[in-house]
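Structure first, commentary second.
Each reported figure results from applying straightforward, stated rules to the coordinates on display, with no laboratory input. Quick caveat: nothing in here was measured; it's all calculated off a predicted structure. Reconstructed Cβ throughout: ideal geometry from the backbone, glycine too, with neighbour counts over all protein chains shown.
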């Protein structure tokens, strides 16, 4: 007897996603997320990130179907043959980043990021950041609109828009990328070991306020941010054969 997965469907608030949810639940049924074998996320990449964060304690694989815009982390939407697609799917394992941000009032904010941790200026003044890696200062003063540290899974998101490198999903590296760097003028970012600890200190923080984001979760204004990989947490994402993250990252570089 062929096993049938118990499915828990989650959808974004768009009309397309809500319509897909209703149709799929009618066809395949619905169980609570903690009773499921697979969680199916209906939406775009942003909703996939929300779903991964929300269901992290459950340790369930998440299979996304694109009902959004970009859908880099999603599979194509098709109502038919979902059980068979899940049976043939390939699993990618992703460790998130852990962000520890210290606010201007001295409060500490801890958060996880699957794509990237980013620092962005708030006002008209450019940000000034001191960049340290594993306790050693690498840039005394980086003048920029902001900077980010991203995982391989997030390297085609904000990082790519900021002209950062695309990272193979199997690589044990992180990308440190600046947005609109003014000084050092020729600095193009850095590739760092996955185990690196990055500290970004905000200089002249009152005059040049900066907000920090772990994916879309904000903390700020901040005076410093520490970023490192969180190996104890593993997200499981399912992809159709031939359309996994490894292939998508390669394809994106030849688009």
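Some points to look at:
- When the alpha-carbon atoms of the range 97-229 are used, the pair Rg, Dmax equals 13.2, 41 angstrom.
- Debye-sum result for the chain in log10 I(q)/I(0), which assumes one identical scatterer on each alpha carbon, at q = 0.07, 0.11, 0.12, 0.13 Å⁻¹: -0.27, -0.62, -0.72, -0.82
- The angle separating the long axis of helix 45-55 from the principal Cα axis of greatest extent in the chain is about 80 degrees.
- Gyration tensor (alpha-carbon) shape descriptor, the range 179-233, a/c threshold 1.5: oblate
- Relative contact order of the range 97-229, pairs being alpha-carbon contacts under 8 Å that are 6 or more residues apart, as %: 33 percent
- The separation of the range 130-188 from the range 22-60, counted between C-alpha centres, amounts to 32 Å.
- Dimensionless Rg over Rh [the range 7-53; C-alpha; Kirkwood]: 0.95
- Computed lengthening from residue 252 to residue 197, 0.36 nm per intervening residue step minus Cα-Cα distance: 17.0 nm
- Under the Debye formula (equal points on every Cα, no solvent term), log10 I(q)/I(0) of the range 56-116 at q = 0.15, 0.17, 0.20, 0.29 Å⁻¹: -0.67, -0.78, -0.93, -1.27
- Label-to-label distance, nm, for residues given as residue 13 and residue 84 (7 Å Cα→Cβ offset): 3.8 nm
- In the chain, the calculated helix contribution to ellipticity at 222 nm averages -5000 deg cm²/dmol per residue, counting -39,500 (n - 2.57) for every DSSP H run with n ≥ 4.
- Nearest-ten-degree value, helix 15-28 long axis tilted from longest Cα axis of the chain: 40 degrees
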